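Enquirer: Quick one: the structure is below, questions incoming.
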Amino acid sequence: MGTLTLVRHGQASYGAADYDRLSERGILQAKALGRRWAETRLAADALVSGPMRRQVDTLTLAREAAVAAGHALPEPVVMPELAEYPAFELLARFLPRFVQERAELKGLLDGNAVAAERVALHDRALWMVIDAWTREELDCGDIETFGAFVARVRAGLERLMAAHPGRGRRIVAVTSGGPIGVACKLSLAIDALPTLHLWRMVRNASVTELLWRSGDFAWRPGDLSLLGFNHVDHLPTDLVTFK
């Protein structure tokens, strides 16, 4: 068996013009993760991140913190398949329609609404859009569909595991909540909606572990097994966040 450790990136700059940038708290989360790697003498055959800035920076900061604490780790490699699903593209295309069609979102049209209310409504609208996307109810055009997203992440996981054959191998990959949810979907054989509910619960800089059957991996039942989900015991309470 091999071990696949999936880490969600640290807190990004939610609400800012440039979301794909770690917040101050996200930087602290990444460094705390790296110090835990040093404390436990993490044995990693490969360190991988998705291509997004928040993913790459989380792994870079975590590795630097581990090295500073005296624990050497492999050089990181970027894997495009571990990018997050196209949330902002979906929101930009479908939010106007949802606001017009859904009475519960009309507050987003109210220029006098308080900021907190608008943020809450915006979050609600986002998850309405993503829920419809996972159900394949949207005409996405050139935007990645849910089925294509699952296939892309699955292909990336296959490539990772094939590149590190043999028992006892450990891969550590920094990605986002969506790909972590897909990995859990593949291991638990669950449908789209439970997958969405699962990845909404993935905390920043959390650790999810899976075991894969090395050698003859073929996506059969038991070939990929969920060992642990969403662990944040390396973070102090004030650094535990969902977004």
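The values are calculated or read from the model by the stated rules, or taken from the named source; none is laboratory data. The structure presented is a predicted model; accordingly, all values stated were derived computationally and were not measured. All Cβ positions, even for glycine, are placed from backbone atoms using ideal geometry, and neighbour counts span all protein chains on display.
Enquirer: Could you tell me which numbered condition Phe98 fails, if it satisfies all but one of (1) touching a strand residue (DSSP E or B) at 6+ places or on another chain (Cβ under 7 Å); (2) modelled with pLDDT under 95?
Expert: Of the numbered conditions (1) touching a strand residue (DSSP E or B) at 6+ places or on another chain (Cβ under 7 Å); (2) modelled with pLDDT under 95, the odd one out for Phe98 is (1).
Enquirer: Only one of these is within 19 Å of Ala205 (Cβ to Cβ), hydrophobic (A, V, I, L, M, F, W, C), surrounded by fewer than 22 Cβ atoms within 10 Å (Cβ to Cβ) and more than 13 Å from the chain's Cα centre (by Cα): Ala32, Ala43, Ala92, Ala66. Name it.
Expert: Numbers: Ala43 fails: within 19 Å of Ala205 (Cβ to Cβ); Ala92 fails: within 19 Å of Ala205 (Cβ to Cβ); Ala66 fails: surrounded by fewer than 22 Cβ atoms within 10 Å (Cβ to Cβ).
Testing whether each residue is within 19 Å of Ala205 (Cβ to Cβ), hydrophobic (A, V, I, L, M, F, W, C), surrounded by fewer than 22 Cβ atoms within 10 Å (Cβ to Cβ) and more than 13 Å from the chain's Cα centre (by Cα) leaves just Ala32.
Enquirer: For segment 184-206, state whether one or more residues are part of a loop (DSSP other than H, G, I, E, B), of a type in the set (D, E, K, R), modelled with pLDDT of 95 or more and in contact with a Phe, Trp or Tyr (Cβ under 8 Å, 6 or more places away or on another chain).
Expert: To start, the set of residues in segment 184-206 that are part of a loop (DSSP other than H, G, I, E, B) comprises 189-191, 201-206.
Checking which are of a type in the set (D, E, K, R) leaves us with 191, 203.
Now restrict to residues that are modelled with pLDDT of 95 or more: 203.
Filter again for in contact with a Phe, Trp or Tyr (Cβ under 8 Å, 6 or more places away or on another chain), leaving 203.
Looking for residues that are part of a loop (DSSP other than H, G, I, E, B), of a type in the set (D, E, K, R), modelled with pLDDT of 95 or more and in contact with a Phe, Trp or Tyr (Cβ under 8 Å, 6 or more places away or on another chain), one finds at least one in segment 184-206, hence yes.
Enquirer: Then there is this: So, in segment 140-183, exactly how many residues are surrounded by fewer than 24 Cβ atoms within 10 Å (Cβ to Cβ) and part of a strand (DSSP E or B)?
Expert: 2
Enquirer: Identify all residues within segment 202-243 that are on the phi > 0 side of the Ramachandran plot, small (Gly, Ala, Ser) and surrounded by 13 or more Cβ atoms within 10 Å (Cβ to Cβ); write none if there are none. First the steps, then the outcome.
Expert: The initial filter retains those residues of segment 202-243 that are on the phi > 0 side of the Ramachandran plot, namely 205, 215, 219, 222, 230.
Applying the additional criterion that residues be small (Gly, Ala, Ser) yields 205, 215, 222.
Once the filter is applied, which keeps residues that are on the phi > 0 side of the Ramachandran plot, small (Gly, Ala, Ser) and surrounded by 13 or more Cβ atoms within 10 Å (Cβ to Cβ), segment 202-243 yields only Ala205.
Enquirer: Mind telling me which of the residues Ala12, Ala16 ends up being modelled with pLDDT under 95, in the same structural domain as Val207 (by TED's automatic domain parsing), over 16 Å from Val207 (Cβ atoms) and touching a Ser or Thr at 6+ places or on another chain (Cβ under 7 Å)?
Expert: Values: Ala16 fails: touching a Ser or Thr at 6+ places or on another chain (Cβ under 7 Å).
Ala12 is the lone residue from the list that is modelled with pLDDT under 95, in the same structural domain as Val207 (by TED's automatic domain parsing), over 16 Å from Val207 (Cβ atoms) and touching a Ser or Thr at 6+ places or on another chain (Cβ under 7 Å).
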